[in-house]
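The values are calculated or read from the model by the stated rules, or taken from the named source; none is laboratory data. Only a predicted model underlies this, so the values are computations on that prediction, with no experimental measurement involved. To get the accessible areas, we keep the full protein, side chains included, count just its heavy atoms, and leave off ligands, DNA and RNA. Shrake-Rupley method; radii C 1.70, N 1.55, O 1.52, S 1.80 Å.
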Amino acid sequence: MVSVTARKVRDQTTERSSMNVGRRYTGYLISYPVVGRGMVIFRDPHGHRMITTPVKRVLGEPEGHMLYVETENSVYRIEIHGEPIFPMTHPVVGEAASG
């Protein structure tokens, strides 16, 4: 688990709405984003969370402090604050490039 700020940098839905582009989500990322599964960011201690559509691609280094996560509907820039509280699971080599 690690503290993150996610910012939606692109919306790929057919509505062409840019209303949520640039929106920031701050919270805790429980595990490294995995291709084929939704990414979950817990936003507060009351259980509010952001769940994305399935992840298509992850760009960046697992040990880095910046990731780009492409989902079926959007692209998010994930800024990682500090070190993980618990060890985060990393994808199998080559998994992030599949799609």
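Taking the full set of protein chains and a 1.4 angstrom probe, give the accessible area of Val40 in square angstrom, rounded to the nearest 10.
About 50 Å², rounded to the nearest 10.
Which length gain, in nm to one decimal place, applies between Arg24 and Glu72 when the Cα-Cα distance is subtracted from 0.36 nm times their residue separation?
On the way: separation 48, 0.36 × 48 = 17.28 nm, distance 1.85 nm.
Gain in length upon complete extension: 15.4 nm.
Sorted by accessible area (1.4 Å probe), largest first, how do Thr26, Thr5 line up?
If we order Thr26, Thr5 from most to least accessible, we get Thr26, Thr5.
Over the C-alpha atoms of region 19-62, what are the Rg and the largest Cα-to-Cα span, Dmax, in Å?
11.3, 31
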